[in-house]
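A quick write-up on the structure given underneath.
Computed from the coordinates by the stated procedures, all read-outs in this text should not be read as laboratory data. Quick caveat: nothing in here was measured; it's all calculated off a predicted structure. When we count neighbours, we look across all protein chains shown, and the Cβ atoms used for this are built from the backbone with ideal geometry, even at glycine.
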Amino acid sequence: MHGPAMSGWLLMALCAATGAYCLLRARARTGEERRAARAEALMGFGMAAMAVPAAVVAPPSWGWLLYAVLFGVAALRALWSSRRSGHHLHHLVGSSAMVYMSLVMAGSGAAAHGSHASHAMAAAGGVPLLTGLLLAYYAAYVLRSGARLIPVTAPTAGGGAVTGGPSAEGWGARPELALACRLTMGIAMFAMLLTL
């Protein structure tokens, strides 16, 4: 993506760590939760690969097209899985956004190698309306996910408050960690779209 090298490296590390946690979470779950964790791991690793600073590794335009195909398949799978779970609609939006960013990056690489300057400028930023809609979606998603992470206190009979304590489940199956991963990927997607 376009942007400073340091922020690209930090974004790459954050997305890779999130993808690794999602893989571990997939091992701790079964059924639908496992499929969702795998889809999130793919998204995390794909975002990490796309966030590598271009000054270090500039993928060829066919590399961006490969990302577009990979996430196009993931989007179709999410569309198919959305019949069972509404959370897969978010995966569909995320995969589609990755396809969009990949195609924009492939277009900006091709435009930089010989097309007209006006086409290069249009390809470098994508379609402003679509980019704006995706930015609005991810801003709302991040705010909603962040609000869900705020602990809720429940009053006790003695007048004190009890907050949700540690779960008896293993750390790979804790719902607040899964939500934190989704929040992290939402923030990363917002940042990547902002630099488009």
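What the table below lists for this structure:
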{"quantity": "Ranked by how many other beta carbons lie within 10 Å on average, peptides 27-40, 136-149, 95-108 from highest", "calculated": "95-108, 27-40, 136-149"}
{"quantity": "Dipole of segment 1-57, positive end: most advanced residue of A28, M47, T18 [Cβ charges, Cα centre]", "calculated": "A28"}
